[in-house]
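Colleague: Take a look at the following structure, please.
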Amino acid sequence: MVYRTNAMICTCTNCISNGALQVKDALEKEIKKQHLENDVRVVPTGASGLCVKGPILVVQPEGIFYQLLTVEAVPHLVEEHFLKGRPVKSLMYVPPGEEAPIPNIRDIPFFKNQRLIALRNRGLIDPDEIEEYIARDGYRALAKALTSMTPEKVIAEIKASGLRGRGGAGFPTGQKWEFCRASPETPKYIICNADEGDPGAFMDRSVLEADPHSVLEGMTIGAYAMGGTQGYMYVRAEYPLAIKRMKRAVEQARDYGLLGKDIFGTGFDFDLDVFQGAGAFVCGEETSLIASIEGQPPEPRMRPPFPAQSGLWGKPTNINNVETWANVPVIINWGAEWFSQIGTDTSKGTKVFSLAGNINNAGLVEVPMGITLRQIVYDIGGGIPNRKSFKAVQTGGPSGGFIPSDLLDLSVDYDRLQEAGAIMGSGGMIVVDEETCMVDMAKYFLEFTTSESCGRCNACREGLQAMYQILTNICAGQGKDDDIELLEELAPAVKDGSLCALGRTAPNPVLTTLRYFRDEYEAHIKEQRCPAGVCKALIAYSIDPEKCKGCMLCVKNCPQGAISGEKGQPQTIDQEKCIKCGACHEVCKFEAVTVR
Amino acid sequence: MPKLKPQDLDKIAEKVKRTMLLREGEGRVRVMVHMGTCGIAAGARAIMKALLDEIEANDVKDVLVTAASCAGLCSREPMMTIEAPDQPPVKYVDLTPDKVKEIFSRHIMGGEIVTAYALAQGSERML
């Protein structure tokens, strides 16, 4: 069957929640109605990347990118584009602040500036069809490794590539594999950590949803290199679509003999089970994850022994993150030398980030290491919405830190980020604008880690609670003069007294905000003032009589009836009634409502 | 299902690659069938079908087919434009499925412009 057009509709969780499946049904119905079912094929894909604009449709071979589709828009689109060949401008992407749409996906800066390795198949294959993965060089790396490379050669190749763990800490992957291979005990277990728990992070979910076989192939190559016989895909239960697609991928791979006994007829055996995560943030920590698979409560344990010596059920175990595994087949296919040319001296390859927060093009991006934060935020992310200015970017989730605007030209690699007090982390990137209070943000992350602390270590359980309480007091206008010193004393105590990386990094959001935004803490404590106008106890709204035109829009929107005045005259706010919701500030067209 | 051998990967890839090549957006020859209201009324659907049938029958993988809007010469529809490398685009007019078959083998496959059916060489200048 030859088609002239492939209509690639993104069916990732984001797009589905915006109605992508209904749009897909409408597309298929309308294509039939126009008798185009033999010309146009609708292909479901995963993770097109520009999540904030979903549902998304890319029409190939022209490469026309359509966004924010609705069921109602479909009949017009099908008739105009698929039947008459006239792309529909009103459904195309328009860059922030501009008017002319960009028709072709290859010309949109968001896509143009990315480099795809882990996400190489995103939007190009149907994740439910193993044949489409195979057609894009899938399972060739596994065949190459099994038929022409010794396990030692595979490890040497991964080592030479400079690949480092994409889960957060950035440990060299090849070295980790070598430790596991050197352990004499058997059997050995190979685990994929897909327990992505950072707020605002969805990189791993997107890889699993868009290209599950790339992870399976990477794990099978790893198993061959380390001598593993059984694998576990540990996916958090909150990712039902990723679990469904992965289970289907495992079945297809088994049917083709790409998992199971005697893979490719080479005598190599490896099988894999999908395991649903237990729901706690700490399950993403490797020793807790192992405990969770064993049926124990997810709590970290002392290291050494490392999992490479004694992991799951006391046997040698290797755990890598989703993105790390997805990189492996490409390195084997294209070679370590090619891979190591991408990136910086100490950080090779690319990194996937989920861009979230106050940014125009929120979504999923993959960029070469060494790119600057400015390029990510402005060139790819399209800058800050609503004409506000950039304040900071948070990398690494609750374990990471905030990077201020004067470090925007920082190059993104493991070591530069660490020097700045943040971490690469698994790739969450939250952008905040000038109207964000940094004390409040630090409090938000501490609230998260406090409630997710497993409670095993005193320092993490009690120390974070104490830090959270101090931040709550500061935001409520009850900060004391020595609070900053106390926070700085508690932070290293929590770091030193915690067994796992989650506890050891939990104070980072506080430490980096103290380092770069200390004046904001001081304003809260000494001047009883929240400079960003966020902390309700410290702000008051008022109306500037010079600017107010008396349009009364604020009066209509005030839920408390706290604003009064004559039409056409300046309005006033009754401070007794005001609950500081900010509705008047949001709706005022003349910037007459000020926050102090 | 039989277990795969390494060489089977090529066979599977070969089978599905043709539909997927479209997604790369690259081809040796690009054919636009003009499918405005005028074109469709004059039989552009049959032209499109004939073209796709030829591509399938000849197992061709490097020809991209797209629908395009009215070319402005409604009285000579159905029309198609062929863009081949190192050649200016050629517009064919008054097409029938049989003419498409001939143009397919002589022009698309053979690189020879079928002057009997061609209107002119070149496309309008944009801007």
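Colleague: For the range A:8-114, list the strands (runs of 3 or more DSSP E) that sit wholly inside it and hold at least 1 residues that are modelled with pLDDT of 90 or more, away from chain B (no Cβ under 14 Å) and crowded, with 18+ Cβ neighbours inside 10 Å; which are they?
Modeller: Strands (runs of 3 or more DSSP E) meeting the threshold: A:64-66.
Colleague: Could you pull out the residue among A:386, A:360 that is in a loop (DSSP other than H, G, I, E, B), within 20 Å of the chain's Cα centre (by Cα) and not aromatic (Phe, Trp, Tyr)?
Modeller: A:360
Colleague: Select from the range B:62-88 the residues that are within 11 Å of the chain's Cα centre (by Cα) and in a loop (DSSP other than H, G, I, E, B) and write down the one among them that is nearest to residue B:38 (Cα to Cα).
Modeller: Per the stated criteria, the residue is B:84.
Colleague: Check B:114, B:100 and return the single one that is surrounded by fewer than 19 Cβ atoms within 10 Å (Cβ to Cβ), touching a strand residue (DSSP E or B) at 6+ places or on another chain (Cβ under 8 Å) and at pLDDT 85 or above.
Modeller: Only one candidate passes the filter, namely B:114.
Colleague: Now, a different point. Could you figure out which of (1) crowded, with 19+ Cβ neighbours inside 10 Å; (2) free of Cβ contacts under 8 Å to residues at least 12 places away in the same chain isn't true of residue A:527?
Modeller: Evaluating residue A:527 over (1) crowded, with 19+ Cβ neighbours inside 10 Å; (2) free of Cβ contacts under 8 Å to residues at least 12 places away in the same chain leaves (1) as the failure.
Colleague: Given the conditions (1) at pLDDT below 95; (2) surrounded by fewer than 16 Cβ atoms within 10 Å (Cβ to Cβ), report the number of the one that residue A:583 does not fulfil.
Modeller: Answer for residue A:583: the failing condition is (2).
Colleague: Test residue A:422 against the stated conditions and say whether it is under 20 Å from residue A:197 (Cβ atoms), of a type outside the set (Ser, Thr, Tyr) and part of a helix (DSSP H, G or I).
Modeller: No; evaluated as a whole, the condition is false for this residue.
Colleague: Continuing with the same structure: So for the range B:13-28 (the condition being aliphatic (A, V, I, L, M), at the interface with chain A (Cβ under 7 Å from one of its Cβ atoms) and either more than 22 Å from residue A:36 (Cα to Cα) or surrounded by fewer than 15 Cβ atoms within 10 Å (Cβ to Cβ) (or both)), does at least one residue qualify?
Modeller: Within the range B:13-28, one or more residues are aliphatic (A, V, I, L, M), at the interface with chain A (Cβ under 7 Å from one of its Cβ atoms) and either more than 22 Å from residue A:36 (Cα to Cα) or surrounded by fewer than 15 Cβ atoms within 10 Å (Cβ to Cβ) (or both).
Results for (1) among the β-branched types (Val, Ile, Thr); (2) outside any helix (DSSP H, G or I), shown as yes or no for each residue.
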| residue | (1), (2) |
| --- | --- |
| A:494 | yes, no |
| A:528 | no, yes |
| A:534 | yes, yes |
| A:546 | no, yes |
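Colleague: Also, quick follow-up: I need a count of the residues in the range A:375-411 that are among the charged types (D, E, K, R) and either in the same structural domain as residue A:460 (by TED's automatic domain parsing) or in contact with a Phe, Trp or Tyr (Cβ under 9 Å, 6 or more places away or on another chain) (or both). Give the derivation first.
Modeller: Of all residues in the range A:375-411, those among the charged types (D, E, K, R) come to A:379, A:387-388, A:391, A:406, A:409.
Then drop every residue that is not either in the same structural domain as residue A:460 (by TED's automatic domain parsing) or in contact with a Phe, Trp or Tyr (Cβ under 9 Å, 6 or more places away or on another chain) (or both), which leaves A:379, A:391, A:406.
Qualifying residue count, the range A:375-411: 3.
Colleague: Find all pairs meeting these conditions: Cβ atoms under 9 angstrom apart; at least six residues apart or on different chains; first residue within the range B:48-66 and within 9 Å of another protein chain (Cβ to nearest Cβ) and buried (at least 16 other Cβ atoms within 10 Å of the Cβ); second residue basic (Lys, Arg) and part of a strand (DSSP E or B).
Modeller: Hits for this filter: B:64/B:30; B:65/B:30; B:66/B:30.
Colleague: Follow-up question, since we're still on this one. Being farther than 29 Å from residue A:354 by Cβ and in contact (Cβ under 8 Å) with a residue 60 or more places away in the chain is the filter here, so list the residues in the range A:158-179 that pass it.
Modeller: Matches in the range A:158-179: A:160, A:179.
The values are calculated or read from the model by the stated rules, or taken from the named source; none is laboratory data. Everything quoted here is computed from the prediction, not taken from an experiment. Positions of Cβ are generated from backbone atoms using ideal geometry, with glycine treated the same way; all protein chains shown enter the neighbour counts.
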